[in-house]
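> Here it is, the structure in full.
The values are calculated or read from the model by the stated rules, or taken from the named source; none is laboratory data. Here the structure is a predicted model, which is why all the values come from computation and not from measurement. Here the Cβ is made from the backbone with ideal geometry for all residues, glycine too, and neighbour counts use every protein chain on show.
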Amino acid sequence: MSDTQTLPDRPAAETAKALDAAIVARGLRKVYKGNKKSGPKEALKGIDLTIPRGSVFGLLGPNGAGKSTFINILAGLVNKTEGEVQIWGFDIDKNPRQSRASIGVVPQELSTDVFFTPKEGLEIQAGLYGVPKAERRTMEILRSLGLEEKADSYVRFLSGGMKRRLLVAKAMVHDPPVLILDEPTAGVDIELRKQLWEQVMRLHDRGVTVILTTHYLEEAQELCDTIGIIHQGEVKTVKPKDELIASLDRKALTIVPETPLSAVPELGPLCGAELRGDTLYVSYRPSETRVADILSAVNEAGISVKDLSTVEADLEDVFLELTYGADDKVAAR
Ligand SMILES: Nc1ncnc2c1ncn2[C@@H]1O[C@H](COP(=O)(O)OP(=O)(O)OP(=O)(O)O)[C@@H](O)[C@H]1O
């Protein structure tokens, strides 16, 4: 029996949600001891985070936010200081074996063993996880990651992209329901990045919950359906991506005037105007200002409009607002 029944007393709805989650962290705290030079460091300040089953979840945050610490706690590589973590309903303290069997982790570094072929590497990994020989799916996994033809080649002859895919394959040998990728495409060129993502999304289509950390916000915007933003050891927000972007009350208009402007026109207090070359950027809060009002102000300033377009907020704007409090990203584009 799983230990999900031993959740602390919570309202029924919240408990039901937790049982439906891939990962639940409650009051999760990590303090690194530090050394003579630097004192203790509180990398996670008692975070609560629920990652839904079946999602492609992007864990975003600036350098030092605590992302790797969180992932390493899930992977059993770092001991938490306080709090509770469940993976697929298994508490990492009470059911360490089952919880660890429920995730596959693709590490940040390219740490493939060059002395074995992909096939041998997967067999060894399956052995480490105690997967019985009869249940191993070595060739099936290699095939699903486009590595079938390289099954018997030495790893040192694989391209960088293939090595990354091999790391994903290794993370999948025990068929975990959750796959975690820590900065999987850092330093990988665009073509290889696309290939890797196609493979990962194929695993997701087959029902695997995918959790990734990435510095590439366009990547998170394209792939993830749910986003968690973490900053200085605290969770700032967790929301479906579209909801998160829609919640940002900021947009901009770009206006190309018929005649180039010599100065920034006065358009009133509810929007910010800026000249970039011949283009006028006007940032505004949709909850306070209507586009029609901006256009009237532009008209009143004697500007005739040659071209007009809107700039929507994106994940990067949300990220900047939540992590740096920046308020001018949309206007800056
Ligand atoms: N072993 C350690 N000992 C002491 N402090 C550490 C240790 N590992 C991480 N830290 C500190 O904890 C904080 C969180 O680090 P962590 O690596 O989890 O952040 P991150 O969000 O993964 O950053 P990055 O994107 O740069 O990998 C940072 O201030 C970091 O310096």
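The rows are residues; the columns are (1) assigned by TED's automatic domain parsing to the domain that holds residue 216; (2) more than 20 Å from residue 176 (Cα to Cα); (3) within 15 Å of the ligand (Cβ to nearest atom); (4) touching a helix residue (DSSP H, G or I) at 6+ places or on another chain (Cβ under 9 Å).
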{"site": "29", "(1), (2), (3), (4)": "yes, yes, yes, no"}
{"site": "36", "(1), (2), (3), (4)": "yes, yes, yes, no"}
{"site": "63", "(1), (2), (3), (4)": "yes, yes, yes, no"}
{"site": "81", "(1), (2), (3), (4)": "yes, yes, yes, no"}
{"site": "94", "(1), (2), (3), (4)": "yes, no, no, yes"}
{"site": "114", "(1), (2), (3), (4)": "yes, yes, no, yes"}
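> Taking the criterion of being modelled with pLDDT of 90 or more and loosely packed, with under 13 Cβ neighbours inside 10 Å, would at least one residue in segment 311-332 satisfy it?
no
> Collect the residues in segment 256-272 that are over 18 Å from residue 313 (Cβ atoms) and not acidic (Asp, Glu), keeping them in residue-number order.
Those that are over 18 Å from residue 313 (Cβ atoms) and not acidic (Asp, Glu): 256, 257, 259, 260, 261, 262, 263, 264, 265, 267, 268, 269.
> Within segment 176-200, count every residue that is at pLDDT 90 or above and assigned to a loop (DSSP other than H, G, I, E, B).
Final tally of qualifying residues: 2.
> Listed residues 192, 248, 179; which is in contact with a strand residue (DSSP E or B) (Cβ under 9 Å, 6 or more places away or on another chain) and buried (at least 16 other Cβ atoms within 10 Å of the Cβ)?
179
> Also, quick follow-up: Looking at 219, 312, 234 in this structure, which one is out of contact with any Leu (no Cβ under 9 Å at 6 or more places or on another chain) and of a type in the set (D, E, K, R)?
312
Residues checked against (1) within 16 Å of the ligand (Cβ to nearest atom); (2) over 20 Å from the mean Cα position of the chain (by Cα):
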residue	(1), (2)
135	no, yes
145	no, yes
148	no, yes
172	no, no
184	yes, no
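> Please give the number of the condition residue 217 fails out of (1) surrounded by fewer than 18 Cβ atoms within 10 Å (Cβ to Cβ); (2) out of contact with any Lys or Arg (no Cβ under 8 Å at 6 or more places or on another chain).
(1)
> Residues that are polar (S, T, N, Q): list the helices (runs of 4 or more DSSP H) wholly contained in segment 216-333 that include at least 1 such residues.
Because the criterion is at least 1 residues that are polar (S, T, N, Q), the helices (runs of 4 or more DSSP H) in segment 216-333 that meet it are 217-223, 291-300, 315-323.
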